[in-house]
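Peer 1: A single structure is presented below for examination.
The values are calculated or read from the model by the stated rules, or taken from the named source; none is laboratory data. Predicted model only: the values in this text are computed from it and were never measured. Positions of Cβ are backbone-derived with ideal geometry, glycine not excepted, and every protein chain shown enters the neighbour counts.
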Amino acid sequence: MYNPKLVVTRAPHIKIKVENTRQIMLEVILALLPATAMGIYLFGGNAAAVVVAAVVAAIVTEAAVDRRFSNPSEIFGDGSAALTGLLLALSLPPSIAPGYAAAGSVAAILFGKVLQGGLGKNLFNPALVGRAVMMVIWPAAMTTWVSPFDGATSATPLISGEATLSALFLGTVPGSIGETSALLLLAGALFLNIRGRIHWQIPFFFVLGSVLTAVAFRANPLAHVFGGGLMIGALFMATDWVTSPMTPNGKVIFGIGCGVLTVLIRELGRYPEGVTYAILLMNATVPLLDRYLKHKALGEA
Amino acid sequence: MPVSTSEVKRRAKTFQRGIDLPHNKHYTDGKAVERLPLPPFVVVPLRQHAGETVEPTVKPGDHVSAGDVVGDLDDRWCSAVHASVTGVVSEVEPRPFGDGTMVPSVVIRTTEQSREAPAFAERAGWQDLDQQTILGILKDFGIVGMAGAGFPTHINLAVRSKIPMLIVNGAECEPFLTSDHRTMIERTDAVIGGAEIIMRCIGADRCVFGVETNKPDAIEVLRDKTRNNPAMEVVPVAVKYPQGYKKTLLRAITGKDPPLGGRSSDVGCIVRNASTTAAIYEAVALGKPLYERVITVSGPGSVERCGNYLVPVGTTIRYVLESIGVRAEDLDGYKIIRGGPMTGLAVDTLDAPVVKPTTGILVMPPSAIQPQHEWINPCIRCSACVNHCPVGLYPNEISQFVEAGTPEAAEGLHIRECCECAICSYVCPNYRPVTHLVMEGKAMLRQRSR
């Protein structure tokens with residue numbers, strides 16, 4: 001009697017179609033490509049160099065920590081490092097030195113991710129940790145903005161208040177590489193929403209929280225929403241699975257908190273921009289939100 | 001008035017969360033049950049139920065007829081085991097069960113090749129038996145849950161107070177499987193008769209047949225045959241996994257949930273699987289023990305003669321496959337599943353037997369086998385498992401507590417309520433064995449509480 005070599009594995013024996021971490025990360029990267037292309041088109045070669053430097057540095061740092069160099073096909077890993085690098089680059093001023101961006105990526109991966117336990121265990125958004133580190137080390141370079149196309153030094157519309165709403169929406173204003181075009185960011189986020197990767201609650205309540213707070217300060221709410229990094233933050237950073245709440249109610253509170261804090265920091269703080277610290281602060285509340293806002297189990301009283 | 005299929009689907013009741021699976025029932029749902037030629041021998045395990053292994057009551061050399069008791073134990077939690085062919089006992093010894101363990105089994109060489117089912121005489125006065133008599137018959141005739149768990153039915157039905165409602169579970173929500181479906185169509189009278197017996201046994205005045213809408217022919221024939229019985233109703237339920245779990249079916253049909261740690265009887269219901277219900281009828285009314293059953297043999301296009309087959313309990317998987325033209329020599333690198341693709345067991349040997357709770361045998365070719373890592377990837381907190389868990393648990397957090405070696409921390413997250421439907425592993429984008437970790441946590445807790 002022939003005894004074939006049977007495969008013995010745990011149940012379940014079927015798997016949902018084409019879903020793995022790398023594909024999901026690549027989808028998010030794909031969603032960010034229009035805004036990336038726009039940034040390079042607006043701000044030129046240095047912006048492209050910053051993006052490449054940040055992405056490569058992030059991938060290499062993680063591969064080095066995980067000792068994944070022996071197999072070249074594994075250097076890219078699950079794609080989460082590349083995404084962190086890209087998000088960081090898009091949040092940087094276009095005129096910054098690519099070397100700074102690379103250093104920021106190393107900090108993002110080391111302090112934002114692997115030292116907190118690696119993907120899934122990190123409490124804070126890695127790209128924003130990298131950005132926060134850079135703000136401390138290079139405060140001037142991190143707040144020097146240039147105009148699109150001509151590269152002349154200019155203030156961000158958050159400070160100058162000089163920009164038409166349509167320019168803010170399309171992105172032809174001074175600002176970070178990937179944050180200026182609300183239109184392209186929205187298109188990318190819509191794609192992710194349709195693919196089921198991000199939910200609507202966090203971006204919606206982030207914007208709502210910032211609008212209400214801006215109104216309370218008698219500031220122009222639309223300038224707050226479309227100027228600076230609020231859109232990229234609300235759509236792509238606050239919605240990071242690892243560092244945002246998993247329950248719908250938690251997402252609502254998290255989103256409102258991010259929006260309120262962003263405008264409070266912008267209006268009351270010394271920094272022109274508040275998205276980074278608003279999201280990082282709200283990241284710290286996630287374990288608590290997850291703990292107390294759970295839905296009930298079947299039959300739980 | 002006939003109800004159109006689309007109307008049935010729109011009205012179908014269901015539960016929260018869960019998931020749509022490719023159900024792959026088209027391979028076999030139109031195929032009538034066929035009796036396979038009797039195997040040359042059967043290996044009848046002495047443990048086919050959730051409980052203690054029973055003692056053999058025969059020895060090598062004994063002649064037995066199909067339906068004779070070969071194993072029993074004077075223990076409330078045990079269910080008798082019967083000879084499934086007529087022949088001579090050749091061995092009573094541990095045999096591979098398929099899960100890596102050996103289970104004491106009675107091996108019977110078939111001597112009588114009759115393909116006809118032995119005739120059993122109708123039990124006189126079976127319509128008027130009282131509860132205790134019915135429970136005694138169920139235990140002695142080896143009736144256990146036939147949908148996977150193998151829980152002894154005489155324990156389920158031993159209710160002290162009247163239970164108002166019986167739900168006959170015809171959801172059959174696992175992909176590929178169609179044995180309940182064919183049973184409901186081809187043995188409708190047995191299913192309905194079994195339901196009447198259970199109703200009398202538990203004192204129910206109402207019976208609902210819950211059938212997924214992908215079995216419109218079963219819904220129709222059950223409706224047709226219960227039309228004149230005001231106590232019986234057929235309720236179409238949505239095609240969603242795991243609609244056939246008793247608590248999700250209960251929720252769909254009654255809108256009620258038993259309390260945590262509770263049973264369906266706490267909300268006045270008993271849920272029984274359709275094939276088991278038919279077996280109850282055959283045991284009580286016809287005097288036929290549970291020694292053969294219908295199994296679905298299928299796979300993703302991998303079995304040419306896929307279908308629904310009636311086989312004696314104890315038939316080896318090897319025999320089932322070879323008798324429909326699947327050669328053992330061709331199965332290197334294949335996975336053979338006993339049960340459904342979500343909760344079934346990947347057997348380690350073709351010599352594993354079909355047992356009472358075996359719903360089917362699936363042949364998964366290498367192209368359909370999912371890679372499984374030796375290591376455990378981290379949770380990336382996407383919460384897909386949370387969004388699909390039919391019981392409303394947080395499998396992501398539970399699995400991480402188990403990984404950390406602290407299953408006690410998962411008790412507060414109601415780890416014991418997990419129904420092991422395996423959706424969490426099915427959806428996890430990081431290929432974590434979430435279900436396996438949760439099951440491991442439950443086992444650790446059981447061990448520590450001893």
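Peer 1: Is it the case, given these coordinates, that residue B:125 is surrounded by fewer than 22 Cβ atoms within 10 Å (Cβ to Cβ), closer than 30 Å to residue B:248 by Cα and modelled with pLDDT under 90?
Peer 2: Taking the combined requirement at face value, the residue does not satisfy it.
Peer 1: For the condition surrounded by fewer than 22 Cβ atoms within 10 Å (Cβ to Cβ), modelled with pLDDT of 95 or more and assigned to a loop (DSSP other than H, G, I, E, B), what is the one hit in B:58, B:107?
Peer 2: B:58
Peer 1: Residue A:114: farther than 25 Å from residue A:272 by Cα and either modelled with pLDDT of 95 or more or surrounded by fewer than 18 Cβ atoms within 10 Å (Cβ to Cβ) (or both), yes or no?
Peer 2: Taking the combined requirement at face value, the residue does not satisfy it.
Peer 1: May I pose another question? What are the residue pairs meeting all of these: first residue in the stretch B:402-413, first residue within 13 Å of residue B:439 (Cα to Cα), second residue of a type in the set (Asp, Glu), Cβ atoms under 7 Å, and 6 or more apart or on different chains?
Peer 2: Within 7 Å, the pairs are B:402/B:440.
Peer 1: Of all residues in the stretch A:219-238, which are farther than 12 Å from residue A:185 by Cβ and either in a loop (DSSP other than H, G, I, E, B) or in contact with a Cys (Cβ under 8 Å, 6 or more places away or on another chain) (or both)?
Peer 2: A:219, A:220, A:227, A:228, A:238 - these are the residues of the stretch A:219-238 that are farther than 12 Å from residue A:185 by Cβ and either in a loop (DSSP other than H, G, I, E, B) or in contact with a Cys (Cβ under 8 Å, 6 or more places away or on another chain) (or both).
Peer 1: Now for a different question. Among the residues of the stretch B:302-329, write down those that are more than 14 Å from chain A (Cβ to nearest Cβ) and small (Gly, Ala, Ser).
Peer 2: Within the stretch B:302-329, B:307, B:314, B:323, B:325 qualify.
Peer 1: Return only the number of the condition from (1) more than 22 Å from the chain's Cα centre (by Cα); (2) at pLDDT 95 or above that residue B:25 does not satisfy.
Peer 2: Among (1) more than 22 Å from the chain's Cα centre (by Cα); (2) at pLDDT 95 or above, residue B:25 violates only (1).
Peer 1: Would you call residue B:195 modelled with pLDDT of 95 or more, out of contact with any strand residue (DSSP E or B) (no Cβ under 8 Å at 6 or more places or on another chain) and small (Gly, Ala, Ser)?
Peer 2: Judged against the criteria, residue B:195 is not a match.
Peer 1: Residue check: is residue A:187 over 15 Å from the mean Cα position of the chain (by Cα) and without any contact (Cβ under 8 Å) to a residue 60 or more places away in the chain?
Peer 2: no
Peer 1: Wholly within the stretch A:1-94, which helices (runs of 4 or more DSSP H) include no fewer than the required count, namely at least 3 residues that are among the β-branched types (Val, Ile, Thr) and touching a residue at least 60 places away in the same chain (Cβ under 8 Å)?
Peer 2: Of the helices (runs of 4 or more DSSP H) lying wholly inside the stretch A:1-94, those with at least 3 residues that are among the β-branched types (Val, Ile, Thr) and touching a residue at least 60 places away in the same chain (Cβ under 8 Å) span A:21-43.
Peer 1: Further question: Of everything in the stretch B:401-441, what is facing chain A (nearest Cβ under 9 Å), within 16 Å of residue B:379 (Cα to Cα) and part of a helix (DSSP H, G or I)? Give them in sequence order.
Peer 2: Those that are facing chain A (nearest Cβ under 9 Å), within 16 Å of residue B:379 (Cα to Cα) and part of a helix (DSSP H, G or I): B:423, B:425, B:426, B:427, B:435, B:436.
Peer 1: If we keep just the residues of the stretch B:250-266 that are at the interface with another protein chain (Cβ under 10 Å from one of its Cβ atoms) and assigned to a loop (DSSP other than H, G, I, E, B), which is surrounded by the most Cβ atoms within 10 Å (Cβ to Cβ)?
Peer 2: Of everything passing the filter in the stretch B:250-266, B:257 is surrounded by the most Cβ atoms within 10 Å (Cβ to Cβ).
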